[in-house]
Amino acid sequence: MSENIVAINEEAIKKELKELVKESIEETLNALLDAEAEELLSAARYERSEQRQGYRAGHYERNILSTAGEITVKMPKTKGVSFETAIIERYRRKEASVEEALIEMYLAGVSVRRVEDITEALWGAKVSASTVSDLNQKAYANIEQWRNRPIEGEFPYVYVDGIWLKRSWGGEYENISVLVAIGVGKDGHRHILGACEGMKESKADWEAFFTHLAQRGLKGVQLVIGDKRAGIEESAASILGAKYQRCIVHFARNIQQNVPRKRMEEASLAIKAIWAQENRQAAKRKAAEVASQLREWKLEAAASTLENGIEDALAYYSFPSKHWRLIRTNNMLERVNREIRRRTRVVGAFPDGQSALMLVCARLRYIEGKQWGTKAYMSFAL
């Protein structure tokens, strides 16, 4: 048996092959560019010809990302005629697809460092943090255009809520809110109506948000569904001309915050019985009974919370009964918020409110386009 064993360095071979592929791509592209230039000028390099349309004036180098890594092509310069190449136009489209992929990765919550690692694995060259930042600015422009698009059609039901995120400010962290509105149109489908930065979810923030929606064309709103926040009810009535429905899930939690653990199960069943009534009058009578029961248990704070908020929590009874289950809670928007938080958790703290708003809008646009396109949320048929 031969004692001579040949050791193969696979990594070195892969590296050499990769370099050969890069060189081959560069040589092919440069040869094609030269051929295009000669065809455009109607003459080869240094050729004397009456048919010549112009002259060569050297070249400039341009770097392009490819699957084999970063390659360098020599773009011909010409005098007397403008040189445009179909070859590089095709590569421009390739570059655009790379940009879109990078933007999607960032907007999906992939960290900048991870984006760098992914691009190196895919294309053999890292995309720097500054490049990712430039691509984000392009994405921001597109998202901002989408955020301010006209609202067409009528939306009887509008769900609103704020999602809280963190931003770094002067070495410290503070909470910021992004206000979101989702409407159900007369076609029964859900649509993202808008999103705005709303620092503290104050009355002024909600007024500005509803004004923004109205100016873009929001109309036909009959009911606004949301949690109890300062200014929502007044702004919905004055700006949109709509009634306000307080989410019964959040309302029940507000009541139960004043209930001790030993009474929690009894109180929860009693409160749920309010929403099981056949009409508004019956629900109000049941709410009065529950408030009286809470007082018998010496739970004055819980009884007062119920009495003070019950009117807002029964607005849904004025609408078709087949819609009650869907319009008395904000659960649909809560699910959307959970999806947004899942995507933003990777980012951690945002550098500013605008970045937070853009990432939220990107996720909202994706949800509307991918998940809500074909399935109706409710029916308005008689």
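The values are calculated or read from the model by the stated rules, or taken from the named source; none is laboratory data. Because the structure is predicted, anything quoted here is derived from the model rather than measured. We place every Cβ from the backbone using ideal geometry, glycine too, and count neighbours over all the protein chains shown. The accessibility values were calculated without ligands, DNA or RNA, using every heavy atom of the protein model including side chains. Shrake-Rupley method; radii C 1.70, N 1.55, O 1.52, S 1.80 Å.
Among the GluC sites (Glu not before Pro) within region 241-285, those in coil by DSSP and having at most 11 neighbouring Cβ atoms inside 10 Å are Glu278.
Counting protein heavy atoms only, region 270-345 has 45 percent of its accessible area on carbon and sulfur, 1.4 angstrom probe. With bins 10 Å wide beginning at 0, the percent of Cα pairs of region 308-351 falling in each bin runs 23, 32, 23, 18, 5.
Along the axis of the charge dipole computed for region 260-382 (Cβ charges of +1 for Lys and Arg, -1 for Asp and Glu, origin at the Cα centre), the listed residues Ala273, Tyr316, Ile327 are led at the positive end by Ile327. Semi-axis lengths, largest first, of the ellipsoid equivalent to region 186-240 are 19, 12, 11 Å, with √(5λ) applied to each eigenvalue of the Cα gyration tensor. Normalised size of region 305-382, defined as Cα radius of gyration per 2.2 N^0.38 Å with N residues, equals 1.48. Accessible surface area normalised per residue over region 232-382 is 52 Å², counting heavy atoms of protein chains with a 1.4 Å rolling probe. Element breakdown for region 174-217 at a 1.4 angstrom probe: carbon and sulfur atoms account for 49% of the accessible area.
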